[in-house]
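Before any comments, here is the structure.
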Amino acid sequence: MSAAPAERPGDAKPGVEWIEIGRLDDIPKRGARVVKTARGDIAVFRTMDDKLYALDDKCPHKQGPLSQGIVQGTSVTCPLHNWVIDLATGEAQGADQGCTRTIAVKLEQGRVLLAWPGRTAA
Amino acid sequence: MRERLVIIGNGMAPGRMLEKLFELAPDRYQITIFNAEPRVNYDRIMLSPVLSGEKKYEEIVIHGDGWYIGHEIMLHKGVRVTQIDRAAKTITTNTGHVEPYDKLVIATGSVPIIIPVPGANLPGVLTYRDLDDVDAMILAAKARGNAVVIGGGLLGLEAAAGLNEQGMDVTVVHLMPTLMERQLDPAAGYLLKKNIEERGIKVLTGANTKAIAGNGRVEAVELDDGTRLPASLVVMAVGIRPNAALAKEAGLNVNRGIVVDDQMRSSDPDIFALGECVEHRGIAYGLVAPLYDMAGVLGRTLAGDEAAYRGSVTATKLKVTGIDLFSAGDFAEAKDREEVVLRDAARGVYRRLVLKENRIIGAVLYGDTSDGAWFFQLLREGADIAELRESLIFGQAFAGGGKLDPPAAVAALPDAAEICGCNGVCKGKITGAITAQGLTSLEQVRAVTKASASCGSCTGLVEQLIGLTLGGEYQPAEVKGMCGCTDLGHDEVRRLIVAKQMKSIPAVMQELEWKTSCGCAKCRPALNFYLIASWPGEYVDDSQSRFINERAHANIQKDGTYSVVPRMWGGVTSAKELRAIADVADKYDIPTVKVTGGQRIDLLGVKKEDLPGVWADLNAAGMVSGHAYGKALRTVKTCVGSEWCRFGTQDSTGLGIRIEKFTWGSWTPHKVKLAVSGCPRNCAEATVKDIGIVCVDSGYEFHIAGAAGLEVKQTILLCKVATEAEVLEHTGAVMQLYREQAHYLDRIHKWVKRVGLDSVKQQIVEDGERRRALHARFVAAQRYAQVDPWAQRAQGAFAHEFTPIADLRIAQAAE
């Protein structure tokens, strides 16, 4: 089977530094883990089929921790008021409006790499 | 003089490469092959039919000895190459022979991964790679006995099926939750497991091998959870890795495999490599189709033609007779992709196509793979399927745009399947009565068979049976689907989980033809509860399908911190407990300590990382989880009763404690709050609880269906009983009936309103036998439910839930 890393077009920006935050198995399927950073928490999601996504761990509505929500397909339901956020774009779905910042994340041979937040969080 | 071409390895890839080379430049090279296996080139794909006895070795030979002689190839059988001298352009063998080359091809294939557990090298532990392994397995199988196959991937399952055919008692041990998880999504993995088990092969998923035991010879496989599986044969089939050691020693560029470019050239321009030992554009392949693609390219390159290998899209088929399974491409979900799913539970068929911009990029087929080749062709060609889209999923032969039947799940039920649990009516009795007595309406069926005449939760199923039996002339009332993922209502799903013995979320989604591949935040928590309630002790809780409060065993607050409420039985505490709570509040800097309405203490503002530590300290003082966060038994509120109060008629505090000790830990459709008041003055406010007991001189009034939340409901007096034992029996019976019948997220009062008080009264009060049976089922379920979730987590379980995966704050500060 193809083992291509879960890279998306935006990832190829020159000058992005990648930092290893753990292994794929550290994140439960249909779940998330938190990365602590000086600029706030980042939620790293793993879908049923091992795609990875990272978002600021804050719902655009009332800053609920998205990492604690239920992951279905490629979206997450915020635990505070059930807003549904698209993992790929960070945008609220349905009638709700708002957007959460996305951070590039990729998988390389089982290792989870996050675009270095110190540099990209400008 | 002809150029000298030396090939290391004689598998299928170099064989195919030579065929191509001979076709284009038959006389260009003088060829020498070294094969560590003492054989000619045979079809490794066919090892499984050899193992199962369907084929013989002679039938799977690709190139016989005559072929090598005819092409003037020098084939050294059973000779291993031990060294490559790139400066001298020679290779050396284990027999000391030195052979010069002009061009060298490395095709050393792969080696099976041996998991490093104690006993992995015991005699009787085999891998599944070549004919020697198969011979050893067939020999071992002659003694019958037990075999354990470690690994539920393609090879492992084929080995298991083969050994089963050979008469062994086979168990497959697989680390991941579903079989063949790399090639199949969970729905297809579920069907596969069912099929494999139907053959008498046992399958243990989520099982981690700890050790292989034996004295001089394998005797058993031991798992992490303490299970011991007796085995006279163990087959390890957990995966393969490229066999690149020789190339690495020779100083060639090697990552996971030998790194090659699009011409299959290694970092040395005179050395090529192909097959399972190489890594091309970061990918190492383990299936035959890409190896053949590589062989074609290398054959042409060596013949002097221009050719380039650009990677392969792979397809997988399981070669076990009677199991049809096909998977190809990329079937992950993503924003810009759509999926088309077809489930036909009656025939055990599952098809899923993943589309992107009107092109197929992935396909999983189970049960009916007849269109696999067609889908795969469309996928590889990148064909635009916009025109075909409506009927695509039905396959190539499908012409016209007819619609499929609505869920066939009911039609597929056997006649003996129970439809009405209240009155014990099975499917055959209902359809039989409809036919024999010419019944045409729900009311008639209820009158004659009693099906759906009590709580009514099987009404939808009965109506579907009437529809199936009478055909189009019957129009059932519309049932509202659970959520957008299914048209079936809660009642139908609940009844079918039991009738069809479905024991996992993927099973339900497959058998009931869910329209999405992994459900949503509405149906998953509901299904998780329905499965817990239906299969106590058997169903494995899916924590990712629980809301955060139940997953973290604490209540999330608006700022992302949590609150912790330890249980205080019947609202009674002690100096020791209060001291421990105060110490915890100090130690973890907990900002708010509040007394709740349920007579206990809430610690608010606890950081998630601190939860296991807080729980450990509370556990040490004898306190357990209060389940204040769950759709579960919450509190049993009491007044002081006859022990202190001058009006008290009974020991309300003691009874409350006994009820709470009996019911705690139970998962329910929604929260459940109880209270026991010692006299009709009702200080414990028992008449606004889900279940309320009011003590009177002559005994106990048993109330249900109160609430004091969004809606305020006064309880209904269900009955009066004389003893505490009767109170407990009625409580257990009501809890169980509610757990078995209610829709997820309906409080007791909503459930009673839906099924009718008469139905509840009939089953709890009038029918003593039924009440005792319900109580007994509740007691049985409690055996598995009364485990303190805090203690498990304080001792390290689910640690990933409570710790960040990484902390980059220090690294950033240092910049």
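The values are calculated or read from the model by the stated rules, or taken from the named source; none is laboratory data. None of these values were measured; they are calculated from a predicted model. FYI the Cβ positions are ideal-geometry reconstructions off the backbone, even for glycines, and counts take in every protein chain you see.
So which of B:483, B:518 ends up being over 19 Å from the mean Cα position of the chain (by Cα) and within 11 Å of chain A (Cβ to nearest Cβ)?
Working: B:518 fails: over 19 Å from the mean Cα position of the chain (by Cα).
The match here is B:483.
Which one of these is at pLDDT 95 or above and either surrounded by fewer than 22 Cβ atoms within 10 Å (Cβ to Cβ) or more than 19 Å from residue B:779 (Cα to Cα) (or both): B:659, B:704? Write out each step before concluding.
On the way: B:659 fails: either surrounded by fewer than 22 Cβ atoms within 10 Å (Cβ to Cβ) or more than 19 Å from residue B:779 (Cα to Cα) (or both).
Of B:659, B:704, the one residue that is at pLDDT 95 or above and either surrounded by fewer than 22 Cβ atoms within 10 Å (Cβ to Cβ) or more than 19 Å from residue B:779 (Cα to Cα) (or both) is B:704.
Of all residues in region B:346-366, which are more than 14 Å from chain A (Cβ to nearest Cβ) and surrounded by 21 or more Cβ atoms within 10 Å (Cβ to Cβ)?
Hits for region B:346-366 are B:350, B:351, B:353, B:360, B:365, B:366.
If I filter region B:367-383 down to residues being touching a strand residue (DSSP E or B) at 6+ places or on another chain (Cβ under 8 Å) and hydrophobic (A, V, I, L, M, F, W, C), which single residue comes out as farthest from the other protein chains (Cβ to nearest Cβ)?
Kept after step one, since they are touching a strand residue (DSSP E or B) at 6+ places or on another chain (Cβ under 8 Å), are these residues of region B:367-383: B:367-369, B:371-372, B:375-376, B:378-379, B:382-383.
Add one more test, that the residue is hydrophobic (A, V, I, L, M, F, W, C), and what stays is B:375-376, B:378-379, B:383.
Values: B:375: 16, B:376: 14, B:378: 17, B:379: 12, B:383: 19 Å.
The extreme case among them is B:383.
Find the helices (runs of 4 or more DSSP H) located wholly in region B:52-167 whose residues include 1 or more that are charged (D, E, K, R), in contact (Cβ under 8 Å) with a residue 40 or more places away in the chain and out of contact with any Cys (no Cβ under 9 Å at 6 or more places or on another chain), and list them.
Details: elements: B:65-70, B:131-141, B:154-165.
In region B:52-167, the matching helices (runs of 4 or more DSSP H) lie at B:131-141, B:154-165.
Looking at (1) closer than 30 Å to residue B:489 by Cβ; (2) modelled with pLDDT of 95 or more, which one does residue B:727 not meet, given that it meets all the others?
(1)
Do you know which residues across region B:266-291 are surrounded by fewer than 17 Cβ atoms within 10 Å (Cβ to Cβ) and under 19 Å from residue B:241 (Cα atoms)?
Hits for region B:266-291 are B:281, B:282, B:289.
If I ask for residues that are more than 17 Å from the chain's Cα centre (by Cα) and buried (at least 24 other Cβ atoms within 10 Å of the Cβ), which ones from region B:169-188 would you list? Even if it seems obvious, please write down each step before you answer.
Kept after step one, since they are more than 17 Å from the chain's Cα centre (by Cα), are these residues of region B:169-188: B:169-171.
Listed by number, the list holds a single entry, B:170.
Could you grab me the full set of residues in region B:584-595 that are in contact with an Asp or Glu (Cβ under 6 Å, 6 or more places away or on another chain) and surrounded by fewer than 16 Cβ atoms within 10 Å (Cβ to Cβ)?
First, pick out the residues of region B:584-595 that are in contact with an Asp or Glu (Cβ under 6 Å, 6 or more places away or on another chain): B:584, B:588, B:594.
Hit for region B:584-595 is B:594, nothing else.
Anything in region B:409-422 that is surrounded by fewer than 17 Cβ atoms within 10 Å (Cβ to Cβ) and modelled with pLDDT under 75? List them, or say none. Break it down stepwise before answering.
Kept after step one, since they are surrounded by fewer than 17 Cβ atoms within 10 Å (Cβ to Cβ), are these residues of region B:409-422: B:411-412, B:414-416.
Selection gives B:412 alone.
Criterion first (more than 11 Å from every other protein chain (Cβ to nearest Cβ) and part of a strand (DSSP E or B)) does residue A:114 satisfy it? Working first, answer last.
Numbers: more than 11 Å from every other protein chain (Cβ to nearest Cβ): no; part of a strand (DSSP E or B): yes.
In short, no.
How about region A:15-35: which of its residues are of a type outside the set (A, V, I, L, M, F, W, C) and either touching a Ser or Thr at 6+ places or on another chain (Cβ under 9 Å) or surrounded by 20 or more Cβ atoms within 10 Å (Cβ to Cβ) (or both)? Steps first, answer last, please.
Let us first name the residues in region A:15-35 that are of a type outside the set (A, V, I, L, M, F, W, C), namely A:15, A:17, A:20, A:22-23, A:25-26, A:28-31, A:33.
Correct list: A:17, A:28, A:29, A:30, A:31, A:33.
Identify, please: which residue in region B:556-566 is crowded, with 19+ Cβ neighbours inside 10 Å and in contact with a Ser or Thr (Cβ under 8 Å, 6 or more places away or on another chain) and is, among those, farthest from the other protein chains (Cβ to nearest Cβ)?
The extreme case among them is B:566.
Can you name the condition, by its number, that residue B:581 falls short on among (1) in contact with a helix residue (DSSP H, G or I) (Cβ under 7 Å, 6 or more places away or on another chain); (2) surrounded by 19 or more Cβ atoms within 10 Å (Cβ to Cβ); (3) among the hydrophobic types (A, V, I, L, M, F, W, C)?
For residue B:581, the failing item is (1).
Somewhere in region B:475-483, is a residue in the same structural domain as residue B:424 (by TED's automatic domain parsing) and in contact with a Cys (Cβ under 8 Å, 6 or more places away or on another chain)?
We begin by selecting, within region B:475-483, every residue in the same structural domain as residue B:424 (by TED's automatic domain parsing); these are B:475-483.
Right, trim to in contact with a Cys (Cβ under 8 Å, 6 or more places away or on another chain) and you get B:482-483.
Yes, some residue in region B:475-483 is in the same structural domain as residue B:424 (by TED's automatic domain parsing) and in contact with a Cys (Cβ under 8 Å, 6 or more places away or on another chain).
Yes/no matrix, rows are residues, columns are (1) part of a strand (DSSP E or B); (2) closer than 30 Å to residue B:29 by Cβ; (3) of a type in the set (Phe, Trp, Tyr):
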residue: B:263; (1), (2), (3): no, yes, no
residue: B:275; (1), (2), (3): no, yes, no
residue: B:299; (1), (2), (3): no, yes, no
residue: B:311; (1), (2), (3): no, yes, no
residue: B:320; (1), (2), (3): no, no, no
residue: B:327; (1), (2), (3): yes, no, no
residue: B:335; (1), (2), (3): no, no, no
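The rows are residues; the columns are (1) within 20 Å of residue A:35 (Cα to Cα); (2) more than 12 Å from every other protein chain (Cβ to nearest Cβ); (3) among the basic types (Lys, Arg).
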position	(1), (2), (3)
A:64	yes, no, no
A:73	no, no, no
A:76	yes, no, no
A:83	no, no, no
A:95	no, yes, no
A:99	yes, yes, no
A:110	yes, no, no
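Considering only region B:605-614, I want to know if a residue exists there that is surrounded by fewer than 19 Cβ atoms within 10 Å (Cβ to Cβ) and either touching a strand residue (DSSP E or B) at 6+ places or on another chain (Cβ under 7 Å) or in a loop (DSSP other than H, G, I, E, B) (or both).
There is at least one residue in region B:605-614 that is surrounded by fewer than 19 Cβ atoms within 10 Å (Cβ to Cβ) and either touching a strand residue (DSSP E or B) at 6+ places or on another chain (Cβ under 7 Å) or in a loop (DSSP other than H, G, I, E, B) (or both).
Listed here are the residues, each with its yes/no results for (1) of a type in the set (Phe, Trp, Tyr); (2) more than 26 Å from residue A:30 (Cα to Cα); (3) within 14 Å of chain A (Cβ to nearest Cβ).
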{"position": "B:495", "(1), (2), (3)": "no, yes, no"}
{"position": "B:527", "(1), (2), (3)": "no, no, yes"}
{"position": "B:537", "(1), (2), (3)": "no, no, no"}
{"position": "B:576", "(1), (2), (3)": "no, yes, no"}
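If only one of B:470, B:465, B:461 is buried (at least 17 other Cβ atoms within 10 Å of the Cβ), part of a helix (DSSP H, G or I), at pLDDT below 85 and not assigned by TED's automatic domain parsing to the domain that holds residue B:736, which one is it? Can you show your working first?
On the way: B:470 fails: buried (at least 17 other Cβ atoms within 10 Å of the Cβ); B:465 fails: at pLDDT below 85.
So the residue among B:470, B:465, B:461 that is buried (at least 17 other Cβ atoms within 10 Å of the Cβ), part of a helix (DSSP H, G or I), at pLDDT below 85 and not assigned by TED's automatic domain parsing to the domain that holds residue B:736 is B:461.
Considering only region B:440-457, state which residues are modelled with pLDDT of 80 or more, buried (at least 17 other Cβ atoms within 10 Å of the Cβ) and in contact with a strand residue (DSSP E or B) (Cβ under 9 Å, 6 or more places away or on another chain).
B:449, B:451, B:452
With respect to residue A:56, determine if the residue is out of contact with any Cys (no Cβ under 8 Å at 6 or more places or on another chain), acidic (Asp, Glu), over 26 Å from residue B:339 (Cα atoms) and surrounded by 19 or more Cβ atoms within 10 Å (Cβ to Cβ).
Numbers: out of contact with any Cys (no Cβ under 8 Å at 6 or more places or on another chain): yes; acidic (Asp, Glu): yes; over 26 Å from residue B:339 (Cα atoms): yes; surrounded by 19 or more Cβ atoms within 10 Å (Cβ to Cβ): yes.
Against the criterion (out of contact with any Cys (no Cβ under 8 Å at 6 or more places or on another chain), acidic (Asp, Glu), over 26 Å from residue B:339 (Cα atoms) and surrounded by 19 or more Cβ atoms within 10 Å (Cβ to Cβ)), residue A:56 qualifies.
Looking at region B:766-815, which of the residues that are within 14 Å of another protein chain (Cβ to nearest Cβ) and in a helix (DSSP H, G or I) is nearest to residue B:619 (Cα to Cα)?
First, the residues of region B:766-815 that are within 14 Å of another protein chain (Cβ to nearest Cβ): B:797-815.
Within this subset, residues satisfying the condition of being in a helix (DSSP H, G or I) are B:799-801, B:809-813.
Details: B:799: 17, B:800: 21, B:801: 19, B:809: 32, B:810: 33, B:811: 36, B:812: 37, B:813: 37 Å.
Here the answer is B:799.
This table checks each residue for (1) within 10 Å of chain B (Cβ to nearest Cβ); (2) under 14 Å from the mean Cα position of the chain (by Cα); (3) at pLDDT below 95; (4) farther than 26 Å from residue B:354 by Cβ.
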{"residue": "A:19", "(1), (2), (3), (4)": "yes, no, yes, yes"}
{"residue": "A:24", "(1), (2), (3), (4)": "no, yes, yes, no"}
{"residue": "A:29", "(1), (2), (3), (4)": "yes, yes, yes, no"}
{"residue": "A:60", "(1), (2), (3), (4)": "no, no, yes, yes"}
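Restricting the search to region B:500-539, which residues are assigned to a loop (DSSP other than H, G, I, E, B), out of contact with any strand residue (DSSP E or B) (no Cβ under 9 Å at 6 or more places or on another chain) and surrounded by 23 or more Cβ atoms within 10 Å (Cβ to Cβ)? Please lay out each step first, then the result.
Filtering region B:500-539 for residues assigned to a loop (DSSP other than H, G, I, E, B) gives B:500-504, B:512-522, B:535-539.
From what's left, out of contact with any strand residue (DSSP E or B) (no Cβ under 9 Å at 6 or more places or on another chain): B:500-504, B:535-539.
Within region B:500-539, just B:502 meets the criteria.
Of the numbered conditions (1) without any contact (Cβ under 8 Å) to a residue 12 or more places away in the chain; (2) of a type in the set (D, E, K, R); (3) away from every other protein chain (no Cβ under 14 Å), residue B:305 fails exactly one; give the number of that condition.
(1)
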